[in-house]
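Take a look at the structure below.
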Amino acid sequence: MHWLIATDLDGTLLDDDYPVAAAAAAIDGLFGLPAVTAGAVTLQVALATSKSLAECVRLAQRCARRPIIAFENGAGLAWPTAADKRGGAGGEDAYEWSCAGMDYGRIRAHLRKLRSIPDYRFRGFGDMSPAEVAERTGLDAESAADAMRRKASEPLVWEGSPAALRSFADDLDGLGLSLALGGRFHHVTGHSSKAGALAAIRRRAAACRRPAMTTLACGDAPNDVDMMRAADRALVFPGSNGSYVLPQGPTVTHAPGAGPDVWSRCVSSLIQAN
């Protein structure tokens, strides 16, 4: 059996302590499972997150086997390069990437025009200093700088009314853009999604004549729901209020918490049970 594990990061593989080294170790640990080492199961891991490619590469390069990266909520896909496999590439150069939707420059241009509407009050990462991004995210200075290296989406803080936000979303849709609602930030992207990224990974595997994939999608937030519904199995982590965005069912498992240890136990159990 060939498994593709597509996982969100914040609130799923990572908890509030942001244990990047432990998260990489949890991914590596899957490849040491008895069924995997015996050859009965093969694995591929994909990070599917709202984070930038630069942020994801930081985690990925700690992994013994580089994961695929669906960055910025599936607005872009990145694959390990041949040079990286030989140990000859670092940082973003270790990946070849492409955007599924609109590029960052065009998104920012549309947002600048929409800002002229008085009711549309917002601040995007492109309007903030690195110090402000660090303060709003809780990241250190280097990580905040990585978070600002956007390729195909803009996180923003909405400062207007709920009614204006609905109108803003409609206007974005007319421009070929989508608004994904989040906790601290909303994300403006082209018409792309984590579910679309999962489908693209499957298509590439089929084109390479790899074995049919059994997909397991892991997430905790509304922007993970489409991906988890599109997968063969879903592992749902509790949100910040302790609730789950999908009910438990035959193809849905609820994790008791978040972070590398819980993620490792739950993913390992599902792989070994099937």
> Which percentage, to the nearest 5, of the DSSP beta bridges contained in the chain is antiparallel?
Replying inline: 45 percent
> For the residue pair residue 199 and residue 115, what label-to-label distance in nm results when each label sits 7 Å from Cα along the Cα-to-beta-carbon direction?
Replying inline: 3.4 nm
> When the chain is fully extended, how far beyond the present Cα-Cα distance does residue 169 get from residue 33, taking 0.36 nm per residue of separation?
Replying inline: 44.5 nm
> Where nothing but the Cβ of Lys and Arg (+1) and of Asp and Glu (-1) is charged, how large is the charge dipole of the stretch 87-130 around its Cα centre, in debye to the nearest 20?
Replying inline: 480 debye
> In the neighborhood of residue 212, defined by Cβ-to-Cβ distances under 13 Å, what is the net charge if each Lys or Arg adds +1 and each Asp or Glu adds -1?
Replying inline: +3
>> Step by step: find N for the stretch 138-248, compute 2.2 N^0.38 Å, then divide the Cα radius of gyration by it. What's the final number?
In response: 1.26
> What list of ³J(HN,Hα) values in whole Hz, one per residue of the stretch 68-77 in order, does the Karplus curve 6.51 cos²θ - 1.76 cosθ + 1.60 (θ = phi - 60°) give from phi, with Gly and Pro shown as x?
Replying inline: 5, 10, 9, 9, 6, 6, x, 5, x, 10
> To the nearest 0.05, how large is the calculated FRET efficiency for residue 64 and residue 141 if R₀ is 30 Å and r is the Cβ-Cβ distance?
Replying inline: 0.60
> Carbon and sulfur atoms: what percent of the 1.4 Å accessible area of the chain do they account for?
Replying inline: 50 percent
> Beyond 32 Å, what percent of the Cα pairs of the chain remain?
Replying inline: 22 percent
>> What is the sum of charges, Lys and Arg at +1 and Asp and Glu at -1, for the other residues whose Cβ falls under 11 Å from the Cβ of residue 99?
In response: +1
>> Tell me the accessible surface of residue 210 in square angstrom (1.4 angstrom probe, heavy atoms of protein chains only), to the nearest ten.
In response: 120 Å²
> Charges only on Cβ, +1 for Lys and Arg, -1 for Asp and Glu: so what's the dipole of the chain about the Cα centre, in debye to the nearest 20?
Replying inline: 920 debye
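Can you show me the helix-derived [θ] at 222 nm for the chain, built from DSSP H runs with n ≥ 4 at -39,500 (n - 2.57) apiece and divided by the number of residues, rounded to the nearest 500.
Helices in the chain give a 222 nm mean residue ellipticity of -10500 deg cm²/dmol.
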> Of 40, 18, 81, which is farthest on the positive side of the dipole of the stretch 12-135, counting Cα position, with +1 on Lys and Arg Cβ, -1 on Asp and Glu Cβ, and the Cα centre as origin?
Replying inline: 81
> When ligands, DNA and RNA are left out and all protein chains stay put, how many square angstrom of accessible area per residue does the chain have with a 1.4 Å probe?
Replying inline: 44 Å²
>> Going by amide H atoms built from the backbone, whose H comes under 5 Å of the H on residue 190, apart from near neighbours?
In response: 102, 178
> Which one of 46, 54, 200 has the biggest mean-square fluctuation once the chain is modelled by GNM with Cα springs under 10 Å?
Replying inline: 200
> GNM, the chain, Cα, under 10 Å: largest mean-square fluctuation among 251, 49, 12?
Replying inline: 251
> Taking amide hydrogens as modeled 1.01 Å from N in the peptide plane, which residues meet the under 5 Å criterion relative to residue 96, leaving out close sequence neighbours?
Replying inline: 79, 81
> Taking the Cα centre of the stretch 170-274 as origin and charging only Cβ (+1 Lys, Arg; -1 Asp, Glu), how large is the dipole, in debye to the nearest 20?
Replying inline: 620 debye
> Among rounded, prolate and oblate, which fits the stretch 1-128 when a ≥ b ≥ c are the square roots of the eigenvalues of its C-alpha gyration tensor, a/c under 1.5 means rounded, and a/b larger than b/c means prolate?
Replying inline: prolate
> Most fluctuating residue of 34, 155, 67 in a GNM of the chain with Cα springs under 10 Å: which is it?
Replying inline: 34
> Given the Cα-Cα distance of residue 208 and residue 184 and 0.36 nm per residue of separation, how much length would full extension add, in nm?
Replying inline: 4.7 nm
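The values are calculated or read from the model by the stated rules, or taken from the named source; none is laboratory data. Because the structure is predicted, anything quoted here is derived from the model rather than measured. Every residue, glycine as well, gets a Cβ built from its backbone with ideal geometry; the counts of neighbours run over all protein chains shown. Ligands, DNA and RNA are stripped out before the accessible areas are found, and what is left, the full protein with its side chains, is counted by its heavy atoms. Shrake-Rupley method; radii C 1.70, N 1.55, O 1.52, S 1.80 Å.
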